[in-house]
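**Student:** Dropping a structure here in structure tokens format, bear with me for questions.
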Amino acid sequence: MNETATWSWQARDATGRLLRGTQAAADAAEVASRLRAEGRIVLSIDRAMRDGIQSAVKRRPFAGRVSSAAVASFIRQLSVMLDAGVPVVEAIEVVRLQTADQRLSGELAVVRDEVENGGSLSDAFAKFPSTFPPVAVGLVRAAEAVGDLSGMFEQLADWLQREQRIRRQVRSALAYPVLLAIVGSLITILLVTFVMPRFEAIYAQRSADLPPLTEAVLGVGRFITSGWKVWVPSLAVAVAFGGFARRTRFVHRMLEHVRFDAPLLRSVIRPADLARATRTLGVLLTAGVPLLDAITICRGLSPWSRWSRFWDRIEEGARNGDGIADRFEGGDLVPGSARAMIAAGERSGRLPAVLNRVADAADEDLEVAVKRVSVMLEPLAIVVLGSVIGIVAIALLLPVFKMSTIAGG
């Protein structure tokens with residue numbers, strides 16, 4: 001006898017009304033047969049989770065975060081459906097059934113239930129901060145106040161896609177050098193641990209005195225192959241200590257100094273941060289989010305103290321009624337040209353639009369910086385990689401040259 005299970009179903013009645021429910025049955029076909037016998041049009045049948053979707057989502061700490069691409073796609077589809085006049089709950093459910101991301105699907109089921117039970121969409125989004133950032137919650141809350149969800153979701157989708165673009169550009173600047181470093185490390189380890197030991201046996205047969213460089217390289221190879229009981233635990237301890245040290249104020253400040261002041265990193269990071277900050281503030285102000293609330297949301301974009309102090313200055317100006325343009329002065333996060341544009345925008349009453357233009361200009365600066373850094377890092381990485389492999393090759397050949405010299409003499 002087949003074991004019964006609980007099935008969640010969705011269907012429409014003869015009038016087109018959307019219905020939902022659960023039934024105990026042996027399989028989905030049995031549920032579908034019952035629903036059709038009642039004159040209902042079956043839309044979907046899913047096996048229900050025993051303790052509810054929300055608790056199941058929370059019980060999956062290792063399921064990974066929902067990708068920003070999946071969230072942007074959901075927001076874009078939701079915008080189109082709302083613009084077409086589809087009710088919010090039904091639109092969320094239709095998009096949920098189409099998404100391939102199982103975690104996002106589970107979270108959207110919770111969002112759907114919250115809204116269906118009378119909750120606000122912004123509060124439902126706020127339950128999943130790792131998926132829907134504070135910017136999304138703030139924009140949706142502002143849209144709910146003015147009754148323009150579809151237009152706001154279009155803006156939110158654009159914002160998410162631009163955030164993805166910034167992240168991709170920053171990563172692309174570092175991808176090739178990192179790849180070269182990994183390949184170079186693997187080649188070096190292969191030479192030191194497999195090639196050099198075979199030559200060592202030849203050197204031993206000839207009773208040749210090995211040069212110091214060769215001895216050093218062979219020692220490294222022996223340590224890697226024979227001393228793994230030492231270096232593997234040491235590496236694990238170092239990684240764990242590094243993760244702990246990153247949380248300390250001293251290391252955090254040191255990393256911040258490198259991030260903001262190292263020449264190559266600075267040229268990429270600063271325009272990326274500026275684009276993110278000004279675009280987010282511009283989008284929030286365009287949506288009608290109060291300035292102080294928008295500043296609070298923007299403060300959460302970056303964990304670095306320099307940006308926290310920057311937003312503190314902006315908030316102080318807003319609270320004092322002095323405006324925010326003057327507060328952009330006195331820091332190195334915003335270039336002079338951008339500060340002049342923001343001041344002009346505030347005087348003319350077009351601050352949100354000008355902030356978006358500043359963000360677009362920062363995007364262009366970021367593209368130029370990424371290309372420049374790539375052009376500089378690629379040959380540098382090749383030189384470093386070639387030098388390391390060259391040293392190993394020299395260490396390998398020095399004894400051969402020495403033995404040839406002795407034999408020739």
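The values are calculated or read from the model by the stated rules, or taken from the named source; none is laboratory data. Because the structure is predicted, anything quoted here is derived from the model rather than measured. Positions of Cβ are generated from backbone atoms using ideal geometry, with glycine treated the same way; all protein chains shown enter the neighbour counts.
**Student:** Touching an Asp or Glu at 6+ places or on another chain (Cβ under 7 Å), modelled with pLDDT under 85 and surrounded by fewer than 16 Cβ atoms within 10 Å (Cβ to Cβ) - does that describe any residue in the stretch 149-164?
**Tutor:** The answer is no, given that none of the residues of the stretch 149-164 is touching an Asp or Glu at 6+ places or on another chain (Cβ under 7 Å), modelled with pLDDT under 85 and surrounded by fewer than 16 Cβ atoms within 10 Å (Cβ to Cβ).
**Student:** Does the stretch 91-101 include one or more residues that are in contact with an Asp or Glu (Cβ under 9 Å, 6 or more places away or on another chain), small (G, A, S) and free of Cβ contacts under 8 Å to residues at least 24 places away in the same chain?
**Tutor:** no
**Student:** Inspect all residues belonging to the stretch 59-72 and state whether any of them is loosely packed, with under 13 Cβ neighbours inside 10 Å, modelled with pLDDT under 80, part of a loop (DSSP other than H, G, I, E, B) and touching a strand residue (DSSP E or B) at 6+ places or on another chain (Cβ under 8 Å).
**Tutor:** So far as the stretch 59-72 goes, no, none of its residues is loosely packed, with under 13 Cβ neighbours inside 10 Å, modelled with pLDDT under 80, part of a loop (DSSP other than H, G, I, E, B) and touching a strand residue (DSSP E or B) at 6+ places or on another chain (Cβ under 8 Å).
**Student:** Please pick out the residue among V388, V383 that is among the β-branched types (V, I, T), surrounded by fewer than 19 Cβ atoms within 10 Å (Cβ to Cβ) and free of Cβ contacts under 8 Å to residues at least 60 places away in the same chain.
**Tutor:** V383
**Student:** Output the number of the condition that R96 fails; it satisfies all remaining conditions of (1) assigned to a helix (DSSP H, G or I); (2) of a type outside the set (A, V, I, L, M); (3) over 23 Å from the mean Cα position of the chain (by Cα).
**Tutor:** (3)
**Student:** Could you grab me the full set of residues in the stretch 160-173 that are more than 17 Å from L82 (Cβ to Cβ) and in contact with a Ser or Thr (Cβ under 9 Å, 6 or more places away or on another chain)?
**Tutor:** Q161, E163, Q164, R167, S172, A173, listed by residue number.
**Student:** Would you confirm whether or not the stretch 218-226 contains a residue that is hydrophobic (A, V, I, L, M, F, W, C), at pLDDT 80 or above, closer than 24 Å to L380 by Cα and over 35 Å from the mean Cα position of the chain (by Cα)?
**Tutor:** no
**Student:** Restricting to the stretch 227-265, name every residue that is modelled with pLDDT of 80 or more and not in a helix (DSSP H, G or I).
**Tutor:** A262, the sole residue that qualifies.
**Student:** Also: Could you count how many residues in the stretch 182-202 are over 13 Å from G221 (Cβ atoms) and at pLDDT below 80?
**Tutor:** 1
**Student:** Continuing with this model, one more query. Can you tell which of D326, D312 is modelled with pLDDT of 85 or more, in a helix (DSSP H, G or I) and on the phi < 0 side of the Ramachandran plot?
**Tutor:** Matching residue, one of D326, D312: D312.
**Student:** Taking interchain pairs and intrachain pairs at least six residues apart, which have beta carbon atoms under 6 angstrom, with the first residue in the stretch 261-283 and in contact (Cβ under 8 Å) with a residue 12 or more places away in the chain and the second assigned to a helix (DSSP H, G or I) and of a type in the set (D, E, K, R)?
**Tutor:** Every condition considered, the pairs that remain are I269/R259; P271/D365; A275/D363.
**Student:** Would you be able to say whether some residue in the stretch 263-273 is surrounded by fewer than 14 Cβ atoms within 10 Å (Cβ to Cβ) and more than 30 Å from L139 (Cβ to Cβ)?
**Tutor:** yes
Each row is one residue, and each column tells you yes or no for (1) in contact with a Ser or Thr (Cβ under 8 Å, 6 or more places away or on another chain); (2) in the same structural domain as V183 (by TED's automatic domain parsing); (3) in contact (Cβ under 8 Å) with a residue 60 or more places away in the chain.
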site	(1), (2), (3)
R299	yes, yes, no
P303	no, yes, no
A359	yes, yes, yes
M376	no, yes, yes
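**Student:** A further question follows. Across the stretch 285-308, what is the total count of residues that are among the aliphatic types (A, V, I, L, M) and under 21 Å from the mean Cα position of the chain (by Cα)?
**Tutor:** Residues in the stretch 285-308 being among the aliphatic types (A, V, I, L, M) and under 21 Å from the mean Cα position of the chain (by Cα): 2 in total.
**Student:** Also: Of all residues in the stretch 13-27, count the ones that are at pLDDT below 75 and in contact with a strand residue (DSSP E or B) (Cβ under 8 Å, 6 or more places away or on another chain).
**Tutor:** Result for the stretch 13-27: 1.
**Student:** If you check I382, I394, which single one turns out to be β-branched (V, I, T) and at pLDDT below 85?
**Tutor:** Residue meeting the stated conditions: I382.
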